[in-house]
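The values are calculated or read from the model by the stated rules, or taken from the named source; none is laboratory data. Predicted model only: the values in this text are computed from it and were never measured. All Cβ positions, glycine included, derive from the backbone under ideal geometry; neighbour counts span all protein chains shown.
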Amino acid sequence: MLQTDLSVKDPAGQIHFKLENFQPTGSFKIRGATNKILRLREADPQTGIIAVSTGNHGKAVAYAASMTGFQALICLSESADQGKVQAIRRIGGEIEQFGSSYDEAAKHAARLAEERSLTMIHPFDDLEIIEGQGTIGLELLEDLPQIGQAVVPLSGGGLISGIGSVLKWADPSIKVIGVSMEAGAVMQASLRAGRPVELPEEKTLADALVGGLGEENQFTFHLCQKVVDRTLLVSESEIEEAIWYMADRHHLIVEGGGAVGIAAWRSGKLPLVDRPTAIVVSGGNIDNSVFAGIVQRKFGKGEGTPGS
Ligand SMILES: *Cc1c(COP(=O)(O)O)cnc(C)c1O
């Protein structure tokens, strides 16, 4: 197994964690962003790059751009997590904050891209982004050949489209489960409705999963219809418990969006299968004050895990 994989025993079966919190920039988004920007370097090396992001995609694009000599402009909403904004600045990305929601920031970014002829790097609805995230699926097949199901945090659906396409191609019996927070699970609502729908944005510990599918979703909605077997929702207190479990038991700092798969498993909502389950832990970029608050509440309550 890779060093970035951790396995634990559950009475009902074997669980493996795919730890993307160990990636440079702290989330899996570096995979898609790097693939996209390397292709761009071949196709259009003179262009400038623009991206809109709740944080992790922005960090990944700024990082991949700085590695390949592109200028990157990252647009975020005014409500974006401050830790992530500062991290993007440190990596060297130029920042523009606009509007009170992800979708408002996205519209602003589209205008800027038009005005300044910049190439927009979409966070999920792009085949080269999806292909990059799909490398997780290839690694799962290599490291865990008996894999029976993959549990994947789900927002716009680039991550699960990539992983799911690879796993279903290898073995259609492998189950692909998407997990979102109860507060604003846009893809789940869209799959139920049979078309992309919009939901109001709500405050959630899983800030990396906030945002809509885009007005003209081209790829991820249809790919999710094809490759996702089931979606599960987790509550804020289940996400908080999962973050605490990872810190207390495994000494790992995981962000809310990265912990939803753990939350689905720990809350008993995830049915296990007779082959190993891989839970994708998609990122670790949690705001310090949010993390400190969780530790204080949980530790104060004496909820330490025996033997940890
Ligand atoms: C972006 C992100 C996701 C969701 O990925 P999508 O491709 O939008 O479904 C999950 N977890 C983390 C940590 C992320 O940054």
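Pairing each residue of the stretch 261-289 that is in contact (Cβ under 8 Å) with a residue 40 or more places away in the chain with any residue that is among the polar types (S, T, N, Q) and more than 16 Å from the ligand (Cβ to nearest atom), provided the two are 6+ apart or on different chains, yields C-beta distances under 6 Å for 273/149; 275/146; 276/14; 276/146; 277/149. Across the stretch 260-305, the qualifying residues are those that are of a type in the set (S, T, N, Q) and within 16 Å of the ligand (Cβ to nearest atom), and the one among them that is nearest to the chain's Cα centre (by Cα) is 282.
Scanning the stretch 172-183 turns up no residue that is away from the ligand (no atom under 16 Å from the Cβ), touching a residue at least 12 places away in the same chain (Cβ under 8 Å), over 25 Å from residue 6 (Cα atoms) and over 15 Å from the mean Cα position of the chain (by Cα). For the stretch 251-259, the count of residues that are away from the ligand (no atom under 16 Å from the Cβ), surrounded by fewer than 24 Cβ atoms within 10 Å (Cβ to Cβ) and in a loop (DSSP other than H, G, I, E, B) is nonzero.
Kindly establish whether residue 269 is closer than 23 Å to residue 162 by Cβ and surrounded by fewer than 19 Cβ atoms within 10 Å (Cβ to Cβ). No: the conditions fail for residue 269.
Taking the stretch 68-93 as the range and being under 16 Å from residue 25 (Cα atoms), touching a strand residue (DSSP E or B) at 6+ places or on another chain (Cβ under 6 Å) and either touching a residue at least 60 places away in the same chain (Cβ under 8 Å) or outside any helix (DSSP H, G or I) (or both) as the test, the residues that pass are 72, 74, 93.
Does residue 112 fit the bill of being farther than 20 Å from residue 258 by Cα, surrounded by fewer than 24 Cβ atoms within 10 Å (Cβ to Cβ) and within 16 Å of the ligand (Cβ to nearest atom)? In short, no.
Could you please let me know if residue 248 is within 16 Å of the ligand (Cβ to nearest atom), closer than 22 Å to residue 17 by Cβ, charged (D, E, K, R) and touching a residue at least 12 places away in the same chain (Cβ under 8 Å)? Here the answer is no, as residue 248 does not meet what is asked. Residues in the stretch 123-159 that are within 11 Å of the ligand (Cβ to nearest atom), buried (at least 23 other Cβ atoms within 10 Å of the Cβ) and not in a helix (DSSP H, G or I): 123, 124, 152, 153, 154, 155, 156, 157. Candidates 208, 183, 170, 242: the one that is modelled with pLDDT of 95 or more and crowded, with 19+ Cβ neighbours inside 10 Å is 242. Could you tell me which numbered condition residue 233 fails, if it satisfies all but one of (1) surrounded by fewer than 22 Cβ atoms within 10 Å (Cβ to Cβ); (2) more than 16 Å from the ligand (Cβ to nearest atom)? Among (1) surrounded by fewer than 22 Cβ atoms within 10 Å (Cβ to Cβ); (2) more than 16 Å from the ligand (Cβ to nearest atom), residue 233 violates only (2). Taking the criterion of being within 12 Å of the ligand (Cβ to nearest atom) and either outside any helix (DSSP H, G or I) or under 19 Å from residue 268 (Cα atoms) (or both), the residues of the stretch 205-230 that qualify are 205, 206, 210, 211, 212, 213, 214, 217, 219, 228. State yes or no: is residue 268 assigned to a loop (DSSP other than H, G, I, E, B), out of contact with any strand residue (DSSP E or B) (no Cβ under 6 Å at 6 or more places or on another chain), modelled with pLDDT of 95 or more and not polar (S, T, N, Q)? Spelling it out, residue 268 is indeed assigned to a loop (DSSP other than H, G, I, E, B), out of contact with any strand residue (DSSP E or B) (no Cβ under 6 Å at 6 or more places or on another chain), modelled with pLDDT of 95 or more and not polar (S, T, N, Q). Which of the residues belonging to the stretch 1-38 are at pLDDT below 95, among the hydroxyl-bearing types (Ser, Thr, Tyr) and either within 13 Å of the ligand (Cβ to nearest atom) or in a helix (DSSP H, G or I) (or both)? Within the stretch 1-38, just 25 meets the criteria. Got a number for residues in the stretch 94-120 being in contact with a Gly (Cβ under 8 Å, 6 or more places away or on another chain) and touching a residue at least 60 places away in the same chain (Cβ under 8 Å)? Adding up the residues that qualify gives 7. Screening the candidates 85, 52 for the property of being within 16 Å of the ligand (Cβ to nearest atom) and touching a helix residue (DSSP H, G or I) at 6+ places or on another chain (Cβ under 6 Å) yields one hit, 52.
So which of 100, 79 is touching a helix residue (DSSP H, G or I) at 6+ places or on another chain (Cβ under 9 Å), among the hydroxyl-bearing types (Ser, Thr, Tyr) and more than 24 Å from residue 219 (Cα to Cα)?
79
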